[in-house]
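For reference, the structure is listed below as structure tokens.
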2 protein chains.
Amino acid sequence: MSPRKQILHDFLHRIWGEQDLSAIPEFIADSYIIHNDPGDPWDGRTLSRDEFRNRLTTSRSVAPDQRFTPVHMTEDGDRIAVAWTWEGTHLGDMPGLPATGRSLRMTGLTIYFFEGNRLCGHWQVTDRLGIYRQMTAPDQNSGN
Amino acid sequence: MSPRKQILHDFLHRIWGEQDLSAIPEFIADSYIIHNDPGDPWDGRTLSRDEFRNRLTTSRSVAPDQRFTPVHMTEDGDRIAVAWTWEGTHLGDMPGLPATGRSLRMTGLTIYFFEGNRLCGHWQVTDRLGIYRQMTAPDQNSGN
């Protein structure tokens, strides 16, 4: 695994999986641009590290046990694209989507942009229709 | 642009944009695996060229003027990830989603797998919640 692929692997585990806030300065550049991320409340914005921390803790509150598993990585210049699966338990409310306690599963793809050994932005699409259906399906379909 | 990036660029234009069926043997390997593509009726299947042609013509019938615009490509070994925008006019019916005549816009990311200079599969996520909302929004929001 290349050095930057290892960094990205660790970032997904420590930041998004374990919410290790003390590691944010290690992984995140002074500013972080969300180039494309439909449905994300911060889509299109440039975040400071404090704003990145706020996005992280807010996003994770929906499924505090969430974990990303990288499936494929392609590295080219200052960018790495990663295809991932995501799993978590729906324990926090979202607007219009109260917590269900269900096990959720989603796939997505993200291009991460590097500045040196830190991340300065991403371009992402997640299967939010899939997650929406899992959150709103009748009870007999929970976990699907 | 690398040779394979040029091939992928041409594939998106000629196959998905112009539906040049005669070019399928040039771009598609003997079999084509859809590793991940939530919402695609062929998700998880291995397609022959004839089945790929059927998927192409069926998918394109929803928006016959559709066009993909590559935004970022990352190439690594036998794989290229491409971030793209998609535009088209909703002129064909989908199950439960009759044609609206609206201008649609979507983003997505795809990892394409190469076998020599031809494509042998993909791993993809599209923003299908975004497109669903554009198809079902009240009339005053058409085109959003």
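Since every read-out is calculated from the coordinates, none of them should be taken as a lab result. Here the structure is a predicted model, which means the values were calculated and not measured. Here the Cβ positions follow ideal geometry from the backbone for every residue, glycine too, while neighbour counts run over all protein chains shown.
A label point on B:ARG53, set 7 Å along the Cα-to-Cβ line, lies at 6.0 nm from each of its counterparts in the other copies, closest listed first. For A:PHE27, neighbours were defined as the other residues whose beta-carbon sits under 13 Å from its Cβ, and their charges (Lys and Arg +1, Asp and Glu -1) total -1. Listed values for the range A:32-45 are Karplus-derived 3J(HN,Hα) couplings in whole Hz (6.51 cos²θ - 1.76 cosθ + 1.60, θ = phi - 60°), namely 9, 9, 9, 6, 7, 6, x, x, 7, x, 9, 3, x, 9, and x replaces Gly and Pro. Here the Karplus relation 6.51 cos²θ - 1.76 cosθ + 1.60, evaluated at θ = phi - 60°, turns the backbone of the range A:66-82 into coupling constants of 4, 8, 9, 10, x, 9, 9, 10, 10, 10, 7, x, 8, 10, 10, 8, 10 Hz, with x for every Gly and Pro.
The helix-based estimate of mean residue ellipticity at 222 nm for chain B, built from -39,500 (n - 2.57) per DSSP H run of four or more residues and divided by its residue count, is -6500 deg cm²/dmol to the nearest 500. Using only the alpha-carbon atoms of chain B as identical scatterers, what base-10 log of I(q)/I(0) does the Debye formula give at q = 0.14, 0.17 Å⁻¹? Log10 I(q)/I(0), no solvent term: -0.66, -0.96. Taking the Cα centre of the range B:59-144 as reference, the dipole from Cβ charges on Lys and Arg (+1) and Asp and Glu (-1) amounts to some 180 debye. Annotation for B:PRO70, label-to-label distances across the other copies: 2.3 nm (shortest first, one decimal, point 7 Å from Cα along Cα→Cβ).
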